[in-house]
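Trainee: Following this message is one structure expressed as structure tokens.
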Amino acid sequence: MEQKIYEMARAAEDAVDDEMHRLDKMDGDDLEELRRKRLESMQTAHAARKSYLERGHGVVNDLDDERAFFDKMKGEDKMIVHFYRPSSWPCEVMAKHLEVVAQKHVETLVCRINAEKSPFLTERLKIWMLPTLCLVRNTQVTDYIVGFDDVGGTDDFPTEHLRLVLASKGLINYEGGDNDVDANPRAGKKPINVVEKSNNLRRGSKMALNSDDESSDFDD
């Protein structure tokens, strides 16, 4: 993750240097054309943002059932669906981070669905651990983020890590560096290592969706 952040930061610096070098060589007409294109780009971006917000982007949408899941997918280019269980601490951690993702990245629709109340969909999508993020592109499930392994393996990961992973999977537009908001509810506290139990589940055991025992997901 540190190497990924370094590479993104280096790429951003190189892009800025190239842009400054190009601007130095421009004359008055070139600069005027650049301003015109940037104004058009800003107007297009504003119109797109308005459309996204009107469709429910910018917040985490609750899906009541499987039908709502399929209805929401229609017409959406990018969609993140959080399969969760109420009163599950790991799910609450993921939910906090996704609130930031939804606000920061209105280009992507963010939703959540109670796995216990959606057994058909949970089985169909092979959801075996909570939390799981189901990643959808153009009505097709393209990938998953299962547990916390992809973001560091513990529950104290910063929102930046989740945003970088989602960007690498093509679900949000993000190049790194904008990490001013961190929804980490355990910042400054001892992290809970969740890698071992998630690996044990991968090796064969299944999560009990109706269980109240948090050790079936993650725990100390």
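Coordinate-derived values only; no laboratory data. These figures come from a predicted structure and were not determined experimentally. As a convention, Cβ positions derive from the backbone with ideal geometry for all residues, glycine included, and neighbour counts pool all protein chains shown.
Trainee: Just to check I understand the Karplus step: with θ = phi - 60° and J = 6.51 cos²θ - 1.76 cosθ + 1.60, what whole-Hz values come out for the range 147-164, glycine and proline as x?
Mentor: Couplings: x, 10, 4, 6, 10, x, x, 9, 8, 9, 6, x, 4, 3, 5, 5, 5, 5 Hz.
Trainee: Test of understanding: what is the full-extension gain from residue 149 to residue 54, defined as 0.36 nm times their sequence separation minus their Cα-Cα distance?
Mentor: Computed gain between residue 149 and residue 54 is 30.8 nm.
Trainee: Right, something else. Give, as ranges by residue number, the residues of the range 97-130 whose backbone N falls under 18 Å from the point 7 Å along Cα→Cβ of residue 67.
Mentor: 113-114, 117-122
Trainee: Here is a follow-up. Using Cβ counts within 10 Å as a stand-in for footprinting exposure, how do 148, 70 rank, fewest first?
Mentor: Going from sparsest to densest Cβ surroundings: 70, 148.
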